[in-house]
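The values are calculated or read from the model by the stated rules, or taken from the named source; none is laboratory data. Just so it is clear, the model here is predicted, and its values are computed rather than measured. Counting neighbours? That spans all protein chains shown, and the Cβs are built from the backbone with ideal geometry, glycine included. We work out accessible area using only protein heavy atoms, side chains counted, and drop any ligands, DNA or RNA first. Shrake-Rupley method; radii C 1.70, N 1.55, O 1.52, S 1.80 Å.
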Amino acid sequence: MNNKHELIYEGKAKKVFSHDDINKVIIEFKDDATAFNALKKAKFEGKGKLNCLISARIFELLIKNNIPTHFIELKNENTMIAHKINVIPLEIVLRNTAYGSLCQQTTIKPGTTLAKPLIDIYLKNDQLNDPLITRDRIELINILSSEDLDLIIDLTLKINGIMKSFFKNIQLQLVDFKLEFGYDCKKNILLGDEISPDNCRLWDMNQKNDTIVSLDKDRFRNDLGGLIEAYSEINQRINDFI
Ligand code: UDP
């Protein structure tokens, strides 16, 4: 990045730089991977590029389907230009199939298909370990209005419908995913962050006997190996389909 672009923010997986236009930002995807609130860390060469390319394709798909997102265009393979947003400090998780924390915190067996999508909302706060939060608590701490929360939930359900059928076309089961939203300069709510195997669970549907083959960050979380191979496979299937 050249010097005139100032680093505004550095997160676990991305760096955000200023843009000549004050209402835009430049987002660089890093090769770093973290899990369990950054207790586990590693670097995977090429992960930033793959997540950037996959995210760009998914944002384009969502935009085509009238979902407002921060994505504007790719700048290069690991960098995108986006609308600048004030991120709402909530992580919206939608689950189609039970896995991960849902199965650790309830009696639901991993792999159970949910009768309807489940939305779990977490407070985005590393110091507090991103706790699960209720609607009443969101109202209590004044993060956003009840109308805006409804809008975000409605968008999340629509995004699920679009992504679930898209991934099914390329033989991937969309188990769950995490979204973040924010306000642009005109106070519109836009989908932000990224949509990649770092924040979506994607299982290969080309398997016999219901064997679970994760093509997502669980390869790192659960020490399964082959993370770059899995992310490359997803990128390849998307490109072959589009
Ligand atoms: N997720 C995420 N960031 C987080 C926590 C979860 O992107 O800080 C994603 C995760 O990749 C999965 C979904 O949200 O697709 C649900 O994760 P879960 O709550 O099951 O937590 P985990 O088992 O990953 O700890």
Suppose a student asked you for the relative contact order of segment 170-228, using Cα pairs under 8 Å spaced at least 6 residues apart; what percent would you report? 29
Could you work out how much longer the chain between Thr134 and Asp32 gets when fully extended? Use 0.36 nm per residue separation minus the Cα distance between them, nm to one decimal. 33.6 nm
Lys12 to Asp223: extension gain in nm, 0.36 nm per residue of separation minus the Cα-Cα distance? 74.1 nm
What are the membrane-span-like helices in the chain by this rule: whole DSSP H runs, Cα extent along the axis at least 20 Å, mean Kyte-Doolittle hydropathy at least 0.5? 47-64
Suppose a student asked you for the relative contact order of the chain, using Cα pairs under 8 Å spaced at least 6 residues apart; what percent would you report? 18
Estimated FRET transfer efficiency when R0 is 30 angstrom, pair Ser101-Glu147 (beta carbons, to 0.05): 0.60
Quick one: order Arg135, Arg201 from most to least accessible surface, probe 1.4 Å. Arg135, Arg201
May I ask you to give the percent of accessible area on the chain that is carbon plus sulfur, with a probe radius of 1.4 Å? 49
What distance in nm lies between label points placed 7 Å from Cα along the C-beta direction at Asp21 and Ala42? 3.9
So, with points 7 Å from each Cα along the Cβ direction, the Asp240-Cys185 label distance in nm works out to 4.3
Report the extension gain between Asn206 and Thr112 in nm, rounded to one decimal, defined as 0.36 nm multiplied by the number of residues separating them, less their alpha carbon distance. 32.0 nm
Set of aspartates and glutamates near Lys75 by C-alpha distance (under 12 Å), chain-local residues within fewer than 8 positions excluded: Glu28
For segment 91-187, what does the accessible surface come to per residue with a 1.4 Å probe? Please give it in Å². 56
